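Structure first, then comments.
We did not get these values from a lab; they are worked out from the coordinates using the rules stated. Predicted model only: the values in this text are computed from it and were never measured. As a convention, Cβ positions derive from the backbone with ideal geometry for all residues, glycine included, and neighbour counts pool all protein chains shown.
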């Protein structure tokens, strides 16, 4: 695990203050609009906050994470989900197995950005969505040096073969919808 990896209690991950900042219902709605998404892989699922939101919208949900304790929590919140221990750089699912791959405030923590995004693209058929902290100093979230710029994500998406990147600013975060 590297120094950017977020390690905190599950209760803190699901605190009302944090979940409000993550805007899970709004994010899920934005990901699903105009995309005919029926299945999703939550990469770096953590406690399954986003997996739970998508599951509540009747999607087939799966997730991967490098922390077994987080996977156990995710299974409790999304009992019908399929959760596996794996890093973003080596996802144990088949090519195009999901309509969408989603990374909720985890992309800045991966060890290899290009490999992680390539893996997300490999398992997704329609969309890869990346939710990240805005690139500015804030009283919450990771320090600025761990945050990713819009230009970095857009350039990486182009290098990885995406034809379009929709950037949706939220209250505290930015949603990147990467389209093939």
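Ranking 42, 139 by Cβ neighbours within 10 Å, fewest first, what do you get?
139, 42
For a quick check, take a GNM of the chain with Cα springs below 10 Å and name the residue from 58, 34, 155 with the largest mean-square fluctuation.
34
Using a 10 angstrom cutoff on alpha carbons, build the Gaussian network for the chain and name the most mobile of 105, 167, 61.
Most flexible of the set in this elastic network: 167.
In the chain, what % of DSSP beta bridges are antiparallel (nearest 5)? Don't skip to the answer; put the middle values down first.
Numbers: 13 of 31 bridges.
Taking every DSSP beta bridge within the chain, about 40 percent pair in antiparallel fashion.
How do 180, 93 rank when sorted from fewest to most other Cβ atoms within 10 Å of their own Cβ? Display every interim value, and only then the final one.
On the way: 180 12, 93 18.
The order, fewest Cβ neighbours first, is 180, 93.
Could you let me know the centre-to-centre spacing of segment 24-84 and segment 104-155, using Cα atoms, in angstrom?
Each part reduced to its Cα centre gives a spacing of 17 Å.
When the helix-only estimate is applied to the chain (DSSP H runs of n ≥ 4, each -39,500 (n - 2.57), divided by the residue count), what is the mean residue ellipticity at 222 nm, nearest 500 deg cm²/dmol?
Computed ellipticity for the chain at 222 nm equals -9000 deg cm²/dmol.
Please find, in a Gaussian network model of the chain (springs between Cα atoms separated by less than 10 Å), the residue of 72, 151, 166 whose mean-square fluctuation is greatest.
Top of the fluctuation ranking is 151.
What is the order of 176, 135, fewest Cβ neighbours within 10 Å to most?
The fewest-first ordering by Cβ neighbours comes to 135, 176.
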